[in-house]
Amino acid sequence: MKRREFLKTSLAASALAGLGPVGVRTAAAQPSGGAAREYYELRAYRFKEGASHELLDGYLEKAAIPALNRLGLKSIGVFTELEPKGPASVYVLIPYPSLDAFAKAASRLNADPEYQQAGAAYLQAPKSDPAFERIDSWLMLAFAGQPKLHLAPYSVEQKPRVFELRTYQSHSELKALKKVEMFNSGEIEVMHEVGLAPVFYGQVLLGKDLPHLTYMLSAEDREAHQKHFDAFGKHPTWNKLKNDPQYADTVSKVANWFLAPAAYSQI
């Protein structure tokens, strides 16, 4: 079996493994005629305390993002933490239209001489002075309730903006998928209605700390974001959903990060 076919099969199996009818419906199904669901790669480049990420920034801006754009991959996001909880990290979000596009991206980049030349300083950084400490990476499948990345006007126009990245861990795979179902059953619509401006929702297929889901919200500033979250907490649809017994105990741990876009971020 070819590597790409094996990857597709393995990811499909991981999304459905051990699930009854609810899990199958949540992970795989979408309404007839619905938009194809994107895949997202979220990368966190980790640095030692006090280390600069200038070399990584140059690589992303001048080499990686232009090369990914040439592959037809658009809206690449790059972010730094507003309130770091430890050593600095740079987050990179890459949307893919299909699993096949994800599987082919690395080899296509490595075959791109323009990319190799523009990114040489980063790609050939010496062992004595690496460009980063480590990279954490997660592969996600978009929720059926928001199958494609969505950018608010202030993001499209590159105006001042702030983002919140949120991760919900679950104690079991079934409960993780029930939380995805909860989002698809009205939670996503409420978030859009109150102005939380969700960028993406992702069911995490590969990466550490599974099972969990990750999503990103946006606003023009922190004050507006808090105002929108307050409205969300009072919304009758949200309160009905959170008190529905079928969604009890779907989240065991919540983590969040407030992020600022890099000057060259396309989100």
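Computed from the coordinates by the stated procedures, all read-outs in this text should not be read as laboratory data. Just so we're clear, the structure is a prediction, and the values are computed from it rather than from any experiment. Heads up, the Cβs are rebuilt from the backbone with ideal geometry, glycines too, and the neighbour counts pull from every protein chain shown.
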Quiz item: Rounded to the nearest 500 deg cm²/dmol, what is the calculated helix-only ellipticity per residue at 222 nm for the chain, with -39500 (n - 2.57) per DSSP H run of length n ≥ 4?
Solution: -9500 deg cm²/dmol
Quiz item: So, with +1 on the Cβ of K and R and -1 on the Cβ of D and E, and no other charges, what is the size of the charge dipole of the range 189-244 about its Cα centre, to the nearest 20 debye?
Solution: 180 debye
Quiz item: Which is the longest stretch in the chain that no exposed loop site breaks, taking sites as GluC sites (Glu not before Pro) with a DSSP loop state and at most 11 other Cβ atoms within 10 Å?
Solution: 158-267
Quiz item: Size of the dipole of the chain about the Cα centre, Lys and Arg at +1 and Asp and Glu at -1 on the beta carbon, nothing else charged, in debye to 20?
Solution: 700 debye
Practice problem: In whole Hz, with x marking every Gly and Pro, tabulate ³J(HN,Hα) for the range 158-175 from phi via Karplus 6.51 cos²θ - 1.76 cosθ + 1.60, θ = phi - 60°. | Solution: 6, 8, x, 6, 9, 10, 10, 9, 10, 10, 10, 8, 10, 7, 8, 5, 5, 5
Exercise. Quick one: dipole size for the range 143-261, taken about the Cα centre, charges +1 on Lys/Arg Cβ and -1 on Asp/Glu Cβ, in debye to the nearest 20.
Key: 180 debye
Quiz item: With each label point set 7 Å from Cα along the Cα-Cβ vector, what nm distance links Lys127 and Leu174?
Solution: 4.9 nm
Exercise. Pull up the cross-link candidates among the aspartates and glutamates for Lys104, meaning alpha carbon to alpha carbon under 17 Å and not fewer than 8 places away within one chain.
Key: Glu5, Glu38, Glu41, Asp112
Self-check item: Answer label for semi-axes √(5λ) of the Cα gyration tensor in Å (calculated), chosen among [x] 32, 27, 17; [y] 31, 23, 17; [z] 29, 23, 20
Solution: [y]
Practice problem: Between Asp230 and Ser137, take the C-beta separation as r, use R0 = 35 Å, and let me know the FRET efficiency to the nearest 0.05. | Solution: 0.55
Quiz item: Per-residue HN-Hα couplings for the range 143-148, Karplus 6.51 cos²θ - 1.76 cosθ + 1.60 at θ = phi - 60°, whole Hz, x for Gly and Pro?
Solution: 5, 4, x, 8, x, 9
Exercise. Straight distance only, please: which lysines reach the Cα of Lys242 with their own Cα at less than 18 Å, same-chain residues fewer than 8 apart left out?
Key: Lys175, Lys178, Lys179, Lys234, Lys253
